[in-house]
Amino acid sequence: MSHSKLRVCNDYIFVKPMPDPEVVRGIFIPQTAENITQRGEVKYLKEGGADSNIKMSDIVLFKKRNAFRTVQLESVTYNVLHKHEVLAIMFGDGVTDVTPTKDNVFLEWEMSQSFFEGTKIARPESTKEMHYTGVVVAVGPDVKECAVGDRVFFDQFGGVEKFQENEKRYGFVKDESIWMSGLPKRKEEKVNV
């Protein structure tokens, strides 16, 4: 079957999903540790449209939960996505090798220190998770409220897509979910014992 007559309509893209690696840097990844994001190669799209940054053959990062629409052409399964469902375009293999799309902000999510400053008193894991500041790693072309390198407060309920790699936590947030940018580096609070 020839695909020369196929024409993608509206702002849909057809992405051939890339399998999640079973082994990362020599460590076996169990199936129970499923990623929330998926990588794939753009195979069909309408040029231009809502996000002209996405091109044929780009490797894109998208939310797995948005990949529920699938079609099969010549025994190949494709995810059908709206262009706005793409979080970023990948340009390398590293976790920070991304160019966010539209109004997406990619940040390294700060976690509080394991111990209170100057003590050996451990912080509970639950309080380390409740920290909503980060340093901006990359921004999409429509981002207006922050720049790469800014330390920001962000809305933890604003649709944050978070994941961890190499003991660091990262996230994608929308520009509208940034509350404040240009924050100074935070000092850990001291606890008197």
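Values quoted throughout were computed directly from the atomic coordinates according to the rules given, and no laboratory measurement underlies them. Since this is a predicted model, take the numbers as computed values, not measurements. All Cβ positions, even for glycine, are placed from backbone atoms using ideal geometry, and neighbour counts span all protein chains on display.
Between K16 and F115, the C-beta separation translates, for a Förster distance of 35 Å, into a calculated FRET efficiency of about 0.15. Can you run phi through the Karplus equation (6.51, -1.76, 1.60; θ = phi - 60°) for the stretch 153-170 and list ³J(HN,Hα) in whole Hz, with x for Gly and Pro? Each residue's phi maps through the Karplus curve to give 8, 9, 7, 5, 9, x, x, 5, 9, 10, 7, 10, 8, 6, 6, 10, 10, 10 Hz.
A DSSP coil position with no more than 14 other Cβ atoms inside 10 Å describes the following trypsin sites (Lys or Arg not before Pro) in the stretch 87-177: K120, K144. Loop only by DSSP, 11 or fewer other Cβ within 10 Å of the Cβ. Give me the chymotrypsin sites (Phe, Trp or Tyr not before Pro) in the stretch 135-173 that pass, ordered by residue number. When the chymotrypsin sites (Phe, Trp or Tyr not before Pro) of the stretch 135-173 are filtered for loop state and at most 11 Cβ neighbours within 10 Å, F157 remain. Here K43 is the anchor, and the lysines within straight C-alpha reach of less than 17 Å, apart from those fewer than 8 places off in the same chain, are K5, K16, K55, K83. Qualifying GluC sites (Glu not before Pro) in the stretch 67-129, where qualification requires a DSSP coil assignment and no more than 16 other C-beta atoms within 10 Å, comprise E74.
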